[in-house]
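Inspection log for the structure reproduced underneath, given as structure tokens.
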Amino acid sequence: MPKTPDLIYMPHVIRWIKSKLRFKYLKKIWDPEFSEGAFIYGSTRAVCRITEIISNGNTEELEGLMTDSAKIKLQDDINYRLTPTQRKLIVLRPEDIKILVPISVSFNKEGVGKTCKVNLRVLALKWHEVGNENYKLVLVALQTEFLRDYAKTAPREWNISGFSILECAMLSEANRTET
């Protein structure tokens, strides 16, 4: 199988700095146990799990992983927006993800409620075998939103509150002899 191309990401500097500062604020003020690295690692695993569920069609497995509104939107996308080929192609492994970058971190404090939302952009590239040792490069672009409720009675976990499939397409072809 050919090597997937590398992607170069040039962050929007102000957005990147804001995200870094807000992660530091989250750790210092709201959640001393928060780790950006652990959050990115967990987000990567969660994104891969959701794409696996999309691919296998077992949407009941979304229970507990996503908010109700996110599940409803994703089920609509699965049923009405994605083709059967796209549903087959969308499944990702962590090594397929080339870029996973926070694009915003926001805090909401109303009364006794405290929530934090983190929006991530995900770009993945992988090869899909199309027969006779030929491969097509697949691009998967996603936008995800992770939500954590910091109220004292809330579970201590992040939920997916948004999962948008921006692109899922075959781009080009290569044969097995290319590296």
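The values are calculated or read from the model by the stated rules, or taken from the named source; none is laboratory data. Predicted model only: the values in this text are computed from it and were never measured. In this analysis, Cβ positions are derived from the backbone assuming ideal geometry, glycine residues included, and neighbour counts consider all displayed protein chains.
One table, with the values for the structure above:
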{"item": "Check on Val140, part of a strand (DSSP E or B), touching a residue at least 60 places away in the same chain (Cβ under 8 Å), surrounded by fewer than 17 Cβ atoms within 10 Å (Cβ to Cβ) and in contact with a helix residue (DSSP H, G or I) (Cβ under 9 Å, 6 or more places away or on another chain)", "result": "no"}
{"item": "Residues located in the stretch 59-103, provided they are of a type in the set (Lys, Arg), out of contact with any Gly (no Cβ under 9 Å at 6 or more places or on another chain) and either closer than 30 Å to Pro11 by Cα or not in a helix (DSSP H, G or I) (or both)", "result": "Lys71, Arg81, Arg93, Lys98"}
{"item": "Selection from the stretch 12-38 of residues that are over 14 Å from Ile103 (Cα atoms) and part of a helix (DSSP H, G or I)", "result": "Lys24, Tyr25, Leu26, Lys27, Lys28, Ile29, Trp30, Gly37, Ala38"}
{"item": "In the stretch 105-137, the residues that are in a strand (DSSP E or B), within 25 Å of Pro32 (Cβ to Cβ) and out of contact with any Asp or Glu (no Cβ under 9 Å at 6 or more places or on another chain)", "result": "Val105, Ser106, Phe107, Asn108, Lys109, Glu110"}
{"item": "Residue list for the stretch 58-101, restricted to those being under 28 Å from Ile17 (Cβ atoms), among the β-branched types (Val, Ile, Thr) and in contact (Cβ under 8 Å) with a residue 60 or more places away in the chain", "result": "Ile99, Val101"}
{"item": "Criterion: small (Gly, Ala, Ser), closer than 20 Å to Lys20 by Cα and surrounded by 13 or more Cβ atoms within 10 Å (Cβ to Cβ) - qualifying residue of Ser55, Ser104", "result": "Ser104"}
{"item": "Condition met for Lys71 (in contact with a helix residue (DSSP H, G or I) (Cβ under 6 Å, 6 or more places away or on another chain), under 19 Å from Ser164 (Cβ atoms) and not hydrophobic (A, V, I, L, M, F, W, C))", "result": "yes"}
{"item": "Pair list, Cβ under 7 Å, 6 or more apart: the stretch 1-30 residue at pLDDT 80 or above, other residue part of a helix (DSSP H, G or I)", "result": "Phe23/Glu36"}
{"item": "Residue that is nearest to Arg15 (Cα to Cα) [pool: residues in the stretch 107-137 that are loosely packed, with under 12 Cβ neighbours inside 10 Å and of a type in the set (Gly, Ala, Ser)]", "result": "Gly113"}
